[in-house]
Amino acid sequence: MPFPIILSAPSGGGKTTISKHLLASRPDVGYSVSATTRPPRGDEVDGIDYHFLSPGEFIAARERGEFAESAEVHGKLYGTLRREVERVLQSGRHVIMDIDVQGAVQFRRAFPDSVLIFVLPPSADVLLRRLQGRRTEDSGALLVRLETAKRELASMDVYDYVVVNGDLEEAVHQVSAIIDAEQLRRPRAVTRLGDRVAELVQGVERGIAALRTQVEA
Ligand code: 5GP
């Protein structure tokens, strides 16, 4: 059974890069394209990186109940469209999402079997450098992101896993290992195995019955 995977991190934590690598290396994982009211950055494409909506379009979609979660991040609206999540899950793939802490908690209420992973930068210096290196923000915007990062770091305890993104390859490997292990959790494994568990029990019972007959003969 495919399940949702949420990656959250303070801005500049590298979660987008991790999800891109996972999507490239695992055919069993798909991406849910979020909606946002912030304008596209650099070479971002509508419908691929985000669904870029006007505030009016976003609010109307929210009122129609189209979002599994939505939140205001850095003064802009962001939300996960239910239809995006369903599209990926129905194709048989796990769905990976890059959403902020407030959204992650709301999302888990809508999809309780979600796996929540928090991605930590290896140090404050690296986080600051990554944010400054982005060069798409003025200092006011950067300050807002740093304040958000501080708040987000304080919310780590709602997550199931923590991955430190020092070495990218290692972080991708760890997230991939989490997905593999989660597939083997008993309720998921039992659903996936279907009749095989019952057949196994019946086989053992047949063995016991055969042996009893031999012993008693
Ligand atoms: P950015 O504008 O840099 O792409 O994203 C800014 C923040 O918004 C990041 O923390 C990112 O995780 C969060 N974000 C992106 N998509 C969503 C979403 O669909 N829902 C929520 N709640 N947050 C999102």
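The values are calculated or read from the model by the stated rules, or taken from the named source; none is laboratory data. Here the structure is a predicted model, which means the values were calculated and not measured. Cβ sites come from the backbone with ideal geometry, for glycine too, and all protein chains shown count toward neighbours. Accessible surface is based on the protein model in full, side chains and every heavy atom, while ligands, DNA and RNA are left aside. Shrake-Rupley method; radii C 1.70, N 1.55, O 1.52, S 1.80 Å.
Candidates SER114, SER155: the one that is under 27 Å from SER25 (Cα atoms), among the polar types (S, T, N, Q) and either open to solvent by 20 Å² or more (accessible area, probe 1.4 Å) or modelled with pLDDT of 95 or more (or both) is SER114. Taken over the range 5-16, the criterion of being of a type outside the set (D, E, K, R), within 12 Å of the ligand (Cβ to nearest atom) and under 13 Å from the mean Cα position of the chain (by Cα) is satisfied by ILE6, LEU7, SER8, ALA9, THR16. Given the criterion farther than 17 Å from SER34 by Cβ and touching a residue at least 24 places away in the same chain (Cβ under 8 Å), identify the matching residue among ARG82, ARG145. Only one candidate qualifies: ARG145. Considering the conditions (1) touching a residue at least 60 places away in the same chain (Cβ under 8 Å); (2) under 22 Å from SER19 (Cα atoms); (3) among the small types (Gly, Ala, Ser), SER155 is excluded by exactly one of them, (1). When the criteria are applied in full, VAL45 fails the requirement of being at pLDDT 95 or above, more than 11 Å from the ligand (Cβ to nearest atom), closer than 24 Å to MET156 by Cβ and not aromatic (Phe, Trp, Tyr). VAL105: within 15 Å of the chain's Cα centre (by Cα) and open to solvent by less than 10 Å² (accessible area, probe 1.4 Å), yes or no? Against the criterion (within 15 Å of the chain's Cα centre (by Cα) and open to solvent by less than 10 Å² (accessible area, probe 1.4 Å)), VAL105 does not qualify.
If you go through the range 17-70 and keep only what is part of a loop (DSSP other than H, G, I, E, B), open to solvent by 60 Å² or more (accessible area, probe 1.4 Å) and among the charged types (D, E, K, R), you end up with ARG41, ASP43, ARG64. Looking at SER70, SER32, SER25, just one residue is touching a residue at least 60 places away in the same chain (Cβ under 8 Å), of a type in the set (S, T, N, Q) and within 12 Å of the ligand (Cβ to nearest atom), and that residue is SER32. ALA198 meets all of the listed conditions (1) open to solvent by less than 80 Å² (accessible area, probe 1.4 Å); (2) within 16 Å of the ligand (Cβ to nearest atom) but one, namely (2). Taken together, the criteria place ARG38 among residues that are modelled with pLDDT of 95 or more and within 9 Å of the ligand (Cβ to nearest atom). Answer with yes or no whether THR80 is near the ligand (Cβ under 10 Å from one of its atoms), under 26 Å from VAL162 (Cβ atoms) and out of contact with any helix residue (DSSP H, G or I) (no Cβ under 8 Å at 6 or more places or on another chain). Spelling it out, it is not the case that THR80 is near the ligand (Cβ under 10 Å from one of its atoms), under 26 Å from VAL162 (Cβ atoms) and out of contact with any helix residue (DSSP H, G or I) (no Cβ under 8 Å at 6 or more places or on another chain). Checked across the range 172-188, the condition of being closer than 24 Å to VAL73 by Cα and either in contact with a strand residue (DSSP E or B) (Cβ under 9 Å, 6 or more places away or on another chain) or not in a helix (DSSP H, G or I) (or both) holds for no residue. Restricting attention to the range 170-195 and to residues that are open to solvent by 60 Å² or more (accessible area, probe 1.4 Å) and β-branched (Val, Ile, Thr), the residue that is nearest to VAL95 (Cα to Cα) turns out to be THR191.
Of all residue pairs spaced 6 or more apart or on separate chains, those with beta-carbon atoms under 6 Å, a first member in the range 100-115 that is free of Cβ contacts under 8 Å to residues at least 60 places away in the same chain and a second member that is open to solvent by 30 Å² or more (accessible area, probe 1.4 Å) are VAL105/VAL158.
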